[in-house]
Structure formats: C-alpha cells, structure tokens
Amino acid sequence: MKDESCLFCKILAGEIPSAKVYEDEYVFAFRDINPQAPVHVLVVPKEHIPCADAIDESNSLYVAKCFEAIAKIAKAEGLETGYRVINNCGEDGGQSVQHLHFHLIGGVKLSEKII
Ligand code: AMP
C-alpha cells in the first residue's frame, strides 16, 4: 500500500529518481543521496511501513526480505570484511523519512560506534 505523501513511496513508484542497486518482489534498495561511507545503500520494503515500531506479524515478511536483500547487496558491493546496518526509529531515534528503511553502510573501517 502506498502513502501519497511519503518520499520513499514516491521513489518506489518511480515518481522521484533514485540510484537503484537492488529490487525484488518485496524490497527496493538505492544509494543514499547523502552518503556517510563509500557504500551507503537504503534498503526499503515495498510496503509502506512507517517505522520499526509498526512491524507486526502482518508485515514482518518484508523485514525478513530486507535482510535477505542486505546480505545479497553486501556481497555485490564487495563488503566481505563487514558492514553496519542501521535503523533510525521515531523522533528520538533520528528518523527523518517515515517509511521503514535500513541503512547499509560500509566500504571503510567504521569508527563511530554507539554499541
Ligand atoms: P533517516 O534519517 O534514518 O530517516 O534516513 C533517511 C535517509 O534518506 C537519509 O540518510 C537521507 O540522506 C536519505 N534521503 C533523503 N532523500 C533521499 C533521496 N531522494 N534519495 C536517496 N536518499 C535520500
């Protein structure tokens, strides 16, 4: 289901251009417009799930498919020595686009580590 006001739904619909790196039935992935590392890909479910807090048994298949895609994209991007997957959720989590997405970041030794 599409949210007409959602930036990532517009990208999924092709209404806003993106640099696609992967697509399947459940998942779309594209390069972040403001990359924080040599590889910075946003992995997005094709269902409009607003945030991690909205994941439930009706939509969790999309989350599993996102992580299957992450493993494939990481291999395709040459991230064999590792990478980081980040999800920002809600205001305190710093989420700026209200459509669930996972940042896949790598291609460099990542230094800033919270946990
Ligand atoms: P977050 O702050 O976790 O919600 O992440 C949103 C991400 O979307 C940020 O890293 C932005 O740089 C990225 N972003 C915003 N607009 C676009 C766009 N049109 N194409 C690609 N990435 C975008």
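Every read-out reported here was derived from the displayed coordinates using simple, explicitly stated rules and does not represent laboratory data. Computed from a predicted structure; not experimentally measured. Note: ideal-geometry Cβ built from the backbone for every residue, glycine included; neighbour counts use all protein chains shown.
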Residues Ser18, Ser5, sorted so that the one with the fewest Cβ neighbours within 10 Å comes first: Ser5, Ser18
With charges set only on the Cβ (+1 for Lys and Arg, -1 for Asp and Glu), what does the dipole of the range 1-93 come to about its Cα centre, in debye to the nearest 20? 420 debye
From the phi angles alone, apply the Karplus equation (6.51, -1.76, 1.60; θ = phi - 60°) to the range 25-37 and give each ³J(HN,Hα) in whole Hz, x where the residue is Gly or Pro. 4, 10, 10, 10, 9, 8, 6, 5, 5, 10, x, 9, 7
Name the residue from Gln95, Leu7, Val85 whose Cα lies farthest towards the positive end of the charge dipole of the chain, charges +1 on Cβ of Lys and Arg and -1 on Cβ of Asp and Glu. Val85
Within the range 1-104, DSSP-loop trypsin sites (Lys or Arg not before Pro) with at most 15 other C-beta atoms within 10 Å are Lys2
Rg(Cα)/(2.2 N^0.38 Å) for the range 4-90, N = residue count: 1.07
Need one number: nm distance between label points at Ser96 and Ile16, each 7 Å from Cα along Cα→Cβ, rounded to one decimal. 1.1 nm
Do any of Lys46/Lys113; Lys46/Lys109; Lys75/Lys109; Lys72/Lys113 go past 27 Å between their Cα atoms, and which? Lys46/Lys113; Lys46/Lys109
